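Here the structure is laid out as structure tokens; the discussion comes afterwards.
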Amino acid sequence: MKKFLAVFAVLVAVCLSSIALAADVTVGGAVSIRSRDFNDMKYNKNDHSADQVDTQERIILDVNAKADGVKGKISIWNDFDTWGRLETLQGTAIGSGPTGTTVASPTTIGIREAWINFNVPGLPLNVNVGHQFLQLGNGWFLRNKHFGSDAWVVANVTGNNTAAVVNIKVAEGKSAFGGDDADAYAFLDVFKLSDTAMVGFDFADVRVRPGLELQNVSLNFNGKLGPLNLMAQGDKQFGKVTGGATEPKFDGWEAVVQGNVALDPVAINFLVGQGSGKKSTDTDNKQYVNFLDIDPHYTFLYEYKLVTAVGAKNTGLSNTRVLSAGVAFDASKSLKLGIDFFNLAAAVKIKNGQGEESDDVGNEIDAKIYWKLYDNLAWNWDFGYFMPGKAFKTAAGTTDAAMGATGILTFKF
């Protein structure tokens, strides 16, 4: 590993020195140490099969360049590796992109971002192409800010209006969605109402050949109304599953409103939202479908670390109704404290481990401690306590609370 890093450092130095005369180059990055402790994740104090107690490390190296109006970025990283688990394997499988999964020869170093940005000469168009972070609207249908996506983004800015078309290559060859290639296309338009408010529209078309055709139409708002910072989004889905004897249609929807009121040094926040679910008797897919990254989207445990009301993690508001309120407190210039309460229910009842149907998902309390030690060093902690409802009763009849804590010490340079 040490030999590899030495060679890598020399190569970076040589490459930077060779382009320094032609471009303005800056180098930065981050080193993060993450401590985790998750317990009773199967809602049974006697079942520790899904518990996680470990320490992990992530490294990021960013290279940004500008030359004659053209911008580019390369971000190389090793996402959170568990101490002692991958140490002997680091550097043995250098790949083009992380998968987020553990395999026999894991790709421990990959490309997080690699894109080119330029204005087309003579045309009012900006192009951003390559591996990049993407989000539509307020991020409840499509958000990929962890691993990034391979995409073209072509945008036009005219006055207060921004219009863009997006082409995402989701998968080449066999995809996670079945079929062969998976591609996504989107058109979006954002209009700036004022210096502090904007409204947006986007239309997305996801295609798996053969497999599915899914269209998502979204309206969103993001702005400041007096003392209230407000975000709202509504989505409706169409399309169908293809290639079978029957072709069930997509008929899902989603609506969410979130905001906060800053009353220095206290801020009050709230979240109200729901995504549709599917009944066992439905022939069409009435459950809302989204494409989200592996980071938390609202709760620290229910949606981030636990299996949700649709039987998977990182599913946003799919088949979930959430009511949330919280408060954040600036204890000092360097210390911020927060606590949030979430009431969660299934939009459509689900069967628990004992075969009973219920929409009572449960309640969650999350706490935050964000500590800025120096301008470039922060130590942030998240704590969660999830009290499962009847919908998550296990086959053993237990509904024991799940709890977790994560602390991330990050040095940015």
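Here are the numbers for this structure:
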read-out: Sole exception among (1) more than 18 Å from the chain's Cα centre (by Cα); (2) closer than 28 Å to Gly148 by Cβ for Val266, by number; value: (2)
read-out: Selected residue [modelled with pLDDT of 95 or more, farther than 18 Å from Phe80 by Cβ and not in a strand (DSSP E or B)] from Leu134, Leu123; value: Leu123
read-out: Which listed residue is in a strand (DSSP E or B), among the charged types (D, E, K, R) and either surrounded by fewer than 17 Cβ atoms within 10 Å (Cβ to Cβ) or outside the structural domain of Tyr304 (by TED's automatic domain parsing) (or both), from Lys372, Lys349; value: Lys372
read-out: Hits in the stretch 358-369 (condition: β-branched (Val, Ile, Thr) and either surrounded by fewer than 17 Cβ atoms within 10 Å (Cβ to Cβ) or farther than 14 Å from Ala391 by Cα (or both)); value: Ile365, Ile369
read-out: Cβ pairs under 8 Å, 6+ apart, first in the stretch 173-202 and more than 14 Å from Val157 (Cα to Cα), second modelled with pLDDT under 95 and of a type in the set (Asp, Glu); value: Gly173/Asp180; Gly173/Asp181; Lys174/Asp180; Ser175/Asp181; Asp181/Glu172
read-out: Criterion: crowded, with 20+ Cβ neighbours inside 10 Å, aliphatic (A, V, I, L, M) and over 15 Å from Phe141 (Cβ atoms) - qualifying residue of Leu323, Leu306, Leu292, Leu317; value: Leu306
read-out: Some residue of the stretch 380-389 being over 20 Å from Leu306 (Cβ atoms) and assigned by TED's automatic domain parsing to the domain that holds Ser334; value: yes
read-out: Residue that is surrounded by the most Cβ atoms within 10 Å (Cβ to Cβ), among those in the stretch 229-264 that are modelled with pLDDT under 95 and not in a strand (DSSP E or B); value: Pro248
read-out: Selection from the stretch 266-298 of residues that are of a type in the set (Val, Ile, Thr) and in contact with a Pro (Cβ under 8 Å, 6 or more places away or on another chain); value: Thr283
read-out: Those residues of the stretch 384-413 which are part of a strand (DSSP E or B) and closer than 15 Å to Met41 by Cβ, in sequence order; value: Gly384, Tyr385, Phe386, Met387, Pro388, Ala402, Met403, Gly404, Ala405, Thr406
read-out: Residues of the stretch 265-302 satisfying the condition of being part of a strand (DSSP E or B) and not small (Gly, Ala, Ser); value: Val266, Ile268, Asn269, Phe270, Leu271, Val272, Gln274, Asn285, Phe291, Leu292
read-out: Qualifying position, being without any contact (Cβ under 8 Å) to a residue 40 or more places away in the chain and either more than 23 Å from Ala401 (Cα to Cα) or not assigned by TED's automatic domain parsing to the domain that holds Lys145 (or both), among Val70, Val53, Val25, Val63; value: Val53
read-out: Asp150 of a type in the set (D, E, K, R), modelled with pLDDT of 80 or more and either within 19 Å of the chain's Cα centre (by Cα) or surrounded by 19 or more Cβ atoms within 10 Å (Cβ to Cβ) (or both); value: yes
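The values are calculated or read from the model by the stated rules, or taken from the named source; none is laboratory data. Keep in mind that what you see is a predicted model, and the values were worked out from it rather than measured. Here the Cβ is made from the backbone with ideal geometry for all residues, glycine too, and neighbour counts use every protein chain on show.
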